[in-house]
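The next block holds one structure in the form of structure tokens; read it before the comments.
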Amino acid sequence: MAGSGKTTLLQRISAHLSASGKPGYIMNLDPAVSEVPYGANIDIRDTVNYKNVMKQYNLGPNGGILTSLNLFATRFDQVITLCEKKRTPQPEYIVADTPGQIEIFTWSASGAIITEAFASSFPTVIAFVIDTPRCAAPQTFMTNMLQACSILYKTKLPLLLVFNKVDVASHEFAVEWMRDYDAFSEALQKDTTYAATLSRSLSLVLEEFYENLESVGVSAATGEGMDQFFEKVQACRKEYEQQYLPELQRRQREKHETEVRRQAAELEKLKLDTQPQQQQGSAAEP
């Protein structure tokens, strides 16, 4: 969500990788950001001018970001080629910083194109960054969980919940709410509104969703929890290889087989179309 510290966290990830001798390949996908606190290997602002897009298409801020991302996505195959290029040292991680407006990336065509392009070429994990102090309010916590659930449902990629700003507030309460329905219900006890009742019901619905979800607490400001963050990323990578990759390969095989059948049908149709002409030409000979 906006203000959860995505860009600051990416700066911390970049610094942590450099300090451990494993420099990452960093990518900025936010065309509207004025400056980034890390060295980006690929920056959307080098390709698309956000303000010019707004003027050219007569768009507002969100429309300008969305259109800029759509334009960038049309050439994303070139980005994947750059990521696959052999270099020294070879980066172990490719990290992408998404636009500040979550809905622009997660519910747009460009967001789907970018995530699918990554997932088709590399083990891919979605890190959903959460503002931990704000989640102290149970209904704000539930809003974040529903957003995370929708992203998981849409992308089908491994999802890692990253509770940021644990230097301000510990994330243990959120972990407890995910594991214990009674604890979350107790937090809502004083709230008798319809929204609170709905949150209780949704917590029961999301119980299975919580069971298969990885989470970690970090601080982008102090670096706390970064080792645990990368351990969780590796766990999500195994999930990608065991669950997402076989399904991806199955879809690719089906697509290939469909294309082969289509080409065979087109060839057969071409033969039938040319056969009468050949027969007619033979009959016309003296």
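The values are calculated or read from the model by the stated rules, or taken from the named source; none is laboratory data. Here the structure is a predicted model, which is why all the values come from computation and not from measurement. Please note: Cβ atoms are built from the backbone with ideal geometry, for glycine as well, and neighbour counts cover all protein chains shown. Only protein heavy atoms, including side chains, enter the accessible area calculation; ligands, DNA and RNA are left aside. Shrake-Rupley method; radii C 1.70, N 1.55, O 1.52, S 1.80 Å.
Tabulated data
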{"item": "Relative contact order for region 6-259, counting Cα pairs under 8 Å that sit 6 or more residues apart, in percent", "result": "19 percent"}
{"item": "Pairwise centroid distance, computed over Cα atoms, of region 178-193 with region 130-147, Å", "result": "13 Å"}
{"item": "D (Stokes-Einstein, µm²/s), Kirkwood Cα radius, region 40-177, 0.692 mPa s at 37 °C", "result": "194 µm²/s"}
{"item": "Assigned charges on the beta-carbon of Lys, Arg, Asp, Glu; region 6-259 dipole about Cα centre (debye)", "result": "840 debye"}
{"item": "Max mean-square fluctuation residue, GNM over the chain, Cα-Cα springs under 10 Å, options S108, S215, S34", "result": "S34"}
{"item": "Extension gain from E254 to L270, taking 0.36 nm per residue of separation minus the Cα-Cα distance", "result": "3.3 nm"}
{"item": "Cα-based helix-to-principal-axis angle, 109-121 vs the chain, degrees rounded to 10", "result": "80 degrees"}
{"item": "GNM flexibility winner over the chain from H16, H171, H256 (Cα, springs under 10 Å)", "result": "H256"}
{"item": "C-alpha long axis of helix 245-283 to longest principal axis of the chain, angle in °", "result": "20 degrees"}
{"item": "Share of pairwise Cα separations in region 41-80, more than 11 Å, in percent", "result": "61 percent"}
{"item": "Aspartates and glutamates with Cα under 13 Å of K51, excluding same-chain neighbours fewer than 8 positions away", "result": "D30"}
{"item": "Charge-dipole axis of region 6-259 as Lys and Arg at +1 and Asp and Glu at -1 on Cβ define it, positive-most pick from A174, M142, F128", "result": "F128"}
{"item": "Degrees separating the helix 194-205 axis from the principal Cα axis of the chain, which is the longest one", "result": "60 degrees"}
{"item": "Largest-first principal axis extents, alpha carbons of region 6-259, Å", "result": "53, 44, 44"}
{"item": "Probe 1.4 Å, accessible area per residue of region 152-286, Å²", "result": "68 Å²"}
{"item": "Mean residue ellipticity (222 nm) of the chain, computed from DSSP H runs ≥ 4 via -39,500 (n - 2.57), nearest 500", "result": "-18000 deg cm²/dmol"}
{"item": "Fraction of accessible area attributable to carbon and sulfur, region 6-259 (%, probe 1.4 Å)", "result": "50 percent"}
{"item": "Inter-centroid distance (Cα atoms) of region 69-93 relative to region 224-269, Å", "result": "18 Å"}
{"item": "Long pairs among K156/K238; K154/K255; K165/K232; K55/K156, criterion Cα-Cα beyond 26 Å", "result": "K55/K156"}
